[in-house]
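A short write-up of the structure that comes next.
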Amino acid sequence: ISEIAGIINGCTNFMLTAMDRDGKSYDEALSEASDLGYAEADPTLDVGGFDARSKLRILMRLAYGVEVDEELIACKGITDLTKLDFEYAKMMGGTIKILGVSKKVSDDKVAAFVSPCYVPGDDSLANVNGATNAVEVTSFNLQSSTYIGQGAGRYPTANSCINDIVALAKGDRTPLPFNPLAKDAEFVNNYDSVFYLRLGYKDGVGITRQCGEVCEKHNVSIHSILQNPVTSKEDAAFVIITEKIPLSAIKSVAAELEGCDWCRGPAYYMPVLREDWVR
């Protein structure tokens, strides 16, 4: 297995579908998810990405034989996403999904993250909506295969619980779920990706020049700069799409640009799922 990429939390996928397809705000989407039983009374584990991170850790153990402290896995939830991000995603021809991703970055190193990601519109994961979960497994032998099922709600949850209770009552025994730990596999907390970077700004001269200089300083190549027509100066923002770069580089760029006089609020970045995202 070379890569796992999955929608592994039904609550957040339901919310992002509502924000994208129905134009709802984050708060409206969360309220609807709570009413339907997809969100817990305290939704932090879902919306913060922590539930997906716990599941990704298990998938990594199954796929690579790597035991990872989940606190080390980069994790970003959906709380900072805005309607503006979905507008830019549509401009680019895709959508946004929160994914758990793990991939081999070399023969003996495995990287992983949980984050909202830009996903091209013709991608199979872009079309998994509502509370449905999907895990795409990429391997050298099978290429890409996707496994889909309901990921939240009272009936899917009750079905899984009852199946386990019945199995325990019957005394069913199963083989050990995990293969032995891989002796030559190591987790690394860095990965390369194309990145989406959103920057709020106050109007001024030289903003594009400064962005270019900061990106050049950190060896970041810019693929494109996007800007919708400004309807409110308070919410004005533009987006930079980078070429493929390390996570550490986009973190450095975001931190430095946040310190510029014209930058309004924190910079927001997320990975682009596919390197060939331009169709």
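So Asp51 passes all but one of these: (1) of a type in the set (Asp, Glu); (2) crowded, with 18+ Cβ neighbours inside 10 Å; (3) touching a residue at least 60 places away in the same chain (Cβ under 8 Å). Which condition number does it fail?
Checking Asp51 against (1) of a type in the set (Asp, Glu); (2) crowded, with 18+ Cβ neighbours inside 10 Å; (3) touching a residue at least 60 places away in the same chain (Cβ under 8 Å), the one that fails is (3).
State which residue is modelled with the lowest pLDDT when the search covers only region 75-95 and only residues that are charged (D, E, K, R) and open to solvent by 30 Å² or more (accessible area, probe 1.4 Å).
Ranking the qualifying residues of region 75-95, first place goes to Lys83.
Residue check: is Lys244 in contact with a strand residue (DSSP E or B) (Cβ under 7 Å, 6 or more places away or on another chain), open to solvent by 90 Å² or more (accessible area, probe 1.4 Å), among the basic types (Lys, Arg) and more than 20 Å from Thr82 (Cα to Cα)?
Spelling it out, Lys244 is indeed in contact with a strand residue (DSSP E or B) (Cβ under 7 Å, 6 or more places away or on another chain), open to solvent by 90 Å² or more (accessible area, probe 1.4 Å), among the basic types (Lys, Arg) and more than 20 Å from Thr82 (Cα to Cα).
Does Val194 qualify as being modelled with pLDDT of 95 or more, closer than 20 Å to Gly77 by Cα and either of a type in the set (Asp, Glu) or touching a Lys or Arg at 6+ places or on another chain (Cβ under 6 Å) (or both)?
Yes, satisfied.
Which of the residues that make up region 96-129 are free of Cβ contacts under 8 Å to residues at least 24 places away in the same chain and either open to solvent by less than 10 Å² (accessible area, probe 1.4 Å) or assigned to a strand (DSSP E or B) (or both)?
Answer for region 96-129, where residues must be free of Cβ contacts under 8 Å to residues at least 24 places away in the same chain and either open to solvent by less than 10 Å² (accessible area, probe 1.4 Å) or assigned to a strand (DSSP E or B) (or both): just Ser106.
I'd like the full set of residues that are open to solvent by 90 Å² or more (accessible area, probe 1.4 Å), β-branched (Val, Ile, Thr) and either in contact (Cβ under 8 Å) with a residue 60 or more places away in the chain or not in a helix (DSSP H, G or I) (or both), limited to region 162-209.
Thr174, Val205
Only one of Ala39, Ala29, Ala33 is crowded, with 19+ Cβ neighbours inside 10 Å, part of a loop (DSSP other than H, G, I, E, B) and among the hydrophobic types (A, V, I, L, M, F, W, C); which?
Of Ala39, Ala29, Ala33, the one residue that is crowded, with 19+ Cβ neighbours inside 10 Å, part of a loop (DSSP other than H, G, I, E, B) and among the hydrophobic types (A, V, I, L, M, F, W, C) is Ala39.
The values are calculated or read from the model by the stated rules, or taken from the named source; none is laboratory data. Keep in mind the model is a prediction, meaning the values are calculated, not measured. Cβ sites come from the backbone with ideal geometry, for glycine too, and all protein chains shown count toward neighbours. Surface areas here come from the heavy atoms of the whole protein model, side chains and all, with no ligands, DNA or RNA. Shrake-Rupley method; radii C 1.70, N 1.55, O 1.52, S 1.80 Å.
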